[in-house]
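Taking it in order: structure first as structure tokens, then the write-up.
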Amino acid sequence: MSRGSDGSQKKRLVAAICVVAIFLGFLYVYGGSIFGSQNSGSSALEYGRSLKRLGSSYLGAEDDTDGKQDESSSSFRQGDGEDNIVPKSFPVCDDRHSELIPCLDRHLIYQMRMKLDLSVMEHYERHCPPAERRYNCLIPPPSGYKVPIKWPQSRDEVWKANIPHTHLAHEKSDQNWMTVKAEKIVFPGGGTHFHYGADKYIASIANMLNFSNNNLNNEGRLRTVLDVGCGVASFGAYLLSSDIIAMSLAPNDVHQNQIQFALERGIPAYLGVLGTKRLPYPSRSFELAHCSRCRIDWLQRDGILLLELDRLLRPGGYFAYSSPEAYAQDEEDLRIWKEMSDLVGRMCWKIAAKRNQTVVWQKPPTNDCYMEREPGSRPPLCQSDDDPDAIWGVNMEACITPYSDHDNRAKGSGLAPWPARLTSPPPRLADFGYSSDMFEKDMELWQRRVEKYWDLLSSKITSNTLRNIMDMKANMGSFAAALRDKDVWVMNVVPQDGPNTLKLIYDRGLIGTTHDWY
């Protein structure tokens, strides 16, 4: 190529860089108005510094008190090449957006005039903004935000400033959900149907099922739980001491974002709702589903919500239901109880135990009962081409998901008790063409990596520094498995555009979800 051509290209490159620089400068100066922020680049710097101070405090490092601006925290940094400008910070969103959840923003739904069916909770489901409505700014913490209280103390108390929603303390004052004490919110462990504590309630369910030592983990055979309509997640909080991990599920509804309380407490939780779409978990993920006065109409749309729970339960799994319909004697409650009993009977569920406010149904261990039903029985079995593990944006269906030939022959999921199942090759490995040898090598690889990570972080962290961890591309969950001896829990995320290995993660006794990251 000629020297003149080189010069011409260089001029065009410099011109292009100048245009980009001017555009970035425009954003720097006017970013507050573009992004709905009251703050511009200078406030972004201050926000960054405050986050750095919080992070340093949380990790046990000394604060930077020399007053000098670190080069890495500047709004723009000169790159290695001439005129190479690299952006290092973003404008800060308006304070009104401190609790913004972009794809669960009901204001967007109203502004976009989306035609959603409120009667089936469609407005609580995921609806992402179009590209032109997406935010490109930092979400600020609430005013007065403090470094979170560490686990396990955080199970019982959090800073009020970090979750500035206290109306539940008054609304549920007779149920011991939470109380406000000075600068803290305290969680006594109560719930609508377990005023005297989740620990006693959990033990009573284990006793109803005749599990040894009134321990709900049933000698490691019950490990994963789905708590629907979880409130502030005290049920899931008190399961942890029994080596049971619960996915606590609730929408951002009139009770505000209850999941914020759970995550601030250090408890696994997920924003979601039983509406029109399948929950983001594969079939046969949970040994037990739980609903304590979750105010869900289980009879709607031919029982479609109960059938979604049925899809998620393992062979022989349980559904623990605490609600007035299980014990009240007024006319309406009796009607609902009769219709629910008829529905679950046609689903081949049987009552495993019933006492006081609670009934526990059990799902059949094989397909035998389904095959013995009268022709034309409702609900029908799902079509053979229906993939029960397809979950991203898939509509629920009012049909029963039968077991695979393998599970039907095994009369169960074939999983080892916890904790052996964490390191045992999952039965569904073969669905991906993976071998036991591949599984074991993946475990060994991540064990070495995590040991190295921990060694590198050892100067910055203590045993209780980390609690909630996300693995953004979890594959088989070996990163989370390698953290088994740490007092942490991992939200394993499987990208929806890759292999749906989430079922392997649940088979190992871990939890997770799928996501598109767009």
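Numbers below:
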read-out: Dimensions in Å of the range 417-517 - Rg and Dmax from alpha carbons; value: 13.7, 42
read-out: Whole-Hz couplings from phi, Karplus 6.51/-1.76/1.60, listed for the range 348-361; x for Gly and Pro; value: 6, 7, 10, 6, 8, 6, 8, 7, 6, 8, 10, 10, 10, 9
read-out: Computed over the range 153-416, Kirkwood Rh from alpha-carbon pairs, angstrom; value: 19.1 Å
read-out: Net charge, Tyr434 excluded, C-beta distance under 11 Å - Lys, Arg +1, Asp, Glu -1; value: -2
read-out: Descending principal axes extents, the range 375-419, alpha-carbon based, whole Å; value: 37, 31, 16
read-out: The range 153-416, relative contact order in percent, only Cα pairs under 8 angstrom and at least six apart counted; value: 15 percent
read-out: Residue-normalised accessible area of the range 153-416, expressed per residue, 1.4 Å probe, Å²; value: 41 Å²
read-out: Relative contact order (%) - criterion: Cα under 8 Å, at least six apart; region: the range 417-517; value: 30 percent
read-out: Amide H contacts under 5 Å for His515, placed H, 5+ residues apart; value: Val494, Gln496
read-out: Karplus 3J(HN,Hα) series, Hz, for the range 315-326 with 6.51 cos²θ - 1.76 cosθ + 1.60 (x for Gly, Pro); value: x, x, x, 10, 10, 8, 10, 10, 6, x, 4, 7
read-out: Sulfur and carbon atoms: percent of accessible area, the range 248-376 [1.4 Å]; value: 48 percent
read-out: Among 308-315, 211-218, 330-337, the order from most to least packed when residues are scored by Cβ within 10 Å on average; value: 308-315, 211-218, 330-337
read-out: Fraction of accessible area attributable to carbon and sulfur, the range 168-211 (%, probe 1.4 Å); value: 50 percent
read-out: Per residue value of the accessible surface for the range 479-518 (all protein chains in place, 1.4 Å probe), Å²; value: 33 Å²
read-out: Amide proton proximity set for Glu157, modelled H, under 5 Å, gap of 5+; value: Phe187
read-out: Relative packing of peptides 161-169, 449-457 - highest average C-beta neighbours within 10 Å first; value: 161-169, 449-457
read-out: Charge tally in the Cβ shell below 14 Å around His165, where Lys, Arg are +1 and Asp, Glu are -1, His165 excluded; value: 0
read-out: Whole-percent carbon and sulfur share, accessible surface of the range 417-517, 1.4 Å; value: 54 percent
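The values are calculated or read from the model by the stated rules, or taken from the named source; none is laboratory data. Please read all numbers here as calculations on a predicted model, not as lab measurements. Because the Cβ atoms are built from the backbone with ideal geometry, glycine has one as well, and the counts that use them run over all protein chains shown. SASA here: full protein model, heavy atoms, side chains in, ligands and nucleic acids out. Shrake-Rupley method; radii C 1.70, N 1.55, O 1.52, S 1.80 Å.
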